[in-house]
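Scroll down for the structure; my scribbles are underneath it.
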Amino acid sequence: MTRNSVSYSLFFTGTGSGGNLSVGSSAAVLEADDKPILLIDCGPGTLNAFAERYQGELPSAIFITHCHLDHIADLEILTVRARLRNLAPIPIFVPVGLIQLLHERLASYPGQMAEGDHDFWQSFQLRPVSDSFRLGDETFRIHPTRHHGPGSSFALQLPGRFFYTGDTRPVPELLHHVSIDSETIFHDCGTISNPSHTGLEDLEREYREDIRKRLVLYHYADATAAGQMRDAGYKVASPGERHTI
């Protein structure tokens, strides 16, 4: 099977920001021919939304953009579910610079299961990522973005298909010079900017028109914010929505 014969899509289990999860915590699933192949982030409620979409399945592989709990909290639940269903270990692709933080936040807690004899990493196959990784027949690339401290958050790119920014301020140095014209750009954006997130007013200032036309916005506060961004002329992702890429 050639790459061009595969139908790819990105399904959003949630599209919300950490401060308000009325539209779910932001996470998405890459689908190939309608089958889930990679979960991007795993925050509160992500596993239940995933199970509802895919008839009770658990993710077969995961990529983590950064280690704020609104993007990783459900990994603790997945630790137990994977063990109970004998599906462990699940490959988890983690940028090298995030491994220690992920371990400290979730894997150092004693007694993951009441029965004992199981810890966080027994449920996952850690796949450290420097700048790229292979999954199936595809090579994915990662890029550092601008979120809180340097090197704390990463974008995920499947060249020619999509660019998923993760949580970030504007990154024109990436989208103008690294992103390919055919890629859909899924971009963090709320109605108001702050030092860690993009705001609506940033987009016109930072990005060329051809880039803005490829944007699909997510990581916003609520449905009202989504409506304001649509009124400004942008495509906005909604929870439970599937985007062909």
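Can you compute the radius of gyration and Dmax for the stretch 178-227, using only the Cα atoms, both in Å?
When restricted to Cα atoms, the stretch 178-227 yields Rg and Dmax of 11.1, 32 Å.
In square angstrom, what is the accessible area per residue of the chain with a 1.4 angstrom probe?
Details: 10720 Å² over 245 residues.
Ligands and nucleic acids excluded, the result is 44 Å² per residue.
At a 1.4 Å probe, what is the % contribution of carbon and sulfur to the accessible area of the stretch 140-196?
Details: 1130 of 2000 Å².
Here carbon and sulfur together make up 57 percent of the probe-accessible area.
Trypsin sites (Lys or Arg not before Pro), restricted to the stretch 76-136: which are DSSP loop and have at most 15 other Cβ atoms within 10 Å?
Values: sites: Arg81, Arg83, Arg85, Arg105, Arg134; in loops: Arg85.
Here the trypsin sites (Lys or Arg not before Pro) that fit, given the DSSP loop and packing criteria, are Arg85.
Rounded to the nearest 0.05, what FRET efficiency do Glu204 and Ser108 have when you use their Cβ-Cβ distance and R0 = 51 Å? Walk me through the intermediate numbers first.
Working: r = 44 Å, r/R0 = 0.86.
Approximately 0.70, to the nearest 0.05.
Name the residue, out of Phe124, Phe63, Phe133, whose mean-square fluctuation peaks in a Gaussian network model built on the chain with Cα pairs under 10 Å.
Phe133
Among Leu38, Leu58, Leu87, pick out the residue whose Cα is farthest towards the positive end of the charge dipole of the stretch 1-93, where Lys and Arg carry +1 and Asp and Glu carry -1 on C-beta, about the Cα centre.
Of the candidates, Leu87 comes out farthest on the positive side.
Shape verdict for the stretch 32-92, please, from the Cα gyration tensor: rounded (a/c under 1.5), prolate (a/b greater than b/c) or oblate.
rounded
List the extent of the Cα atoms of the stretch 97-199 along each of their three principal axes, largest first, rounded to whole Å.
Computed over the stretch 97-199, the largest-to-smallest principal extents equal 51, 37, 20 Å.
For labels at Arg230 and Ile192 in the simple 7 Å Cα→Cβ model, what's the distance in nm?
2.3 nm
5 Å is the cut-off here: which amide hydrogens, built 1.01 Å from N in the peptide plane, fall below it relative to Val236, excluding neighbours closer than 5 in sequence?
Leu217
Decide, for the stretch 140-245, between rounded, prolate and oblate: order the square roots of the alpha carbon gyration tensor eigenvalues as a ≥ b ≥ c, take rounded if a/c falls under 1.5, and otherwise choose prolate if a/b is larger than b/c, else oblate.
rounded
Could you please state, rounded to a whole Å, how far the C-alpha centre of the stretch 103-162 is from the C-alpha centre of the stretch 209-236?
A separation of 27 Å, based on Cα centres.
If you place +1 on the Cβ of every Lys and Arg and -1 on the Cβ of every Asp and Glu, how big does the dipole about the Cα centre of the chain come out, in debye to the nearest 20?
Working: 21 positive and 30 negative charges, 62 e Å.
With Lys and Arg at +1 and Asp and Glu at -1, about 300 debye.
In whole percent, how big is the carbon plus sulfur part of the accessible area of the stretch 1-137, probe 1.4 Å, protein atoms only?
Working: 3040 of 6240 Å².
Looking at the stretch 1-137 in its full context, I get 49 percent from C and S.
Collect residues whose amide H, placed 1.01 Å from N in the peptide plane, falls under 5 Å from the amide H of Ala28; neighbours closer than 5 in sequence don't count.
Thr13, Ile40
Suppose R0 equals 30 Å. What FRET efficiency, 1/(1 + (r/R0)^6) with r the Cβ-Cβ distance, do Asp181 and Ala223 give to the nearest 0.05?
Plugging the Cβ-Cβ distance into 1/(1 + (r/R0)^6) gives 0.45.
Figure the gain on full extension for Ala51 and Ser5 (residue separation times 0.36 nm, minus the Cα-Cα span) and round it to one decimal in nm.
Details: separation 46, 0.36 × 46 = 16.56 nm, distance 2.69 nm.
Between Ala51 and Ser5, full extension yields an extra 13.9 nm.
The values are calculated or read from the model by the stated rules, or taken from the named source; none is laboratory data. For clarity, every value in this text was computed on a predicted model and none was experimentally measured. Quick reminder, even Gly has a Cβ in these numbers, built from the backbone with ideal geometry, and neighbours come from all protein chains shown. Accessible surface is based on the protein model in full, side chains and every heavy atom, while ligands, DNA and RNA are left aside. Shrake-Rupley method; radii C 1.70, N 1.55, O 1.52, S 1.80 Å.
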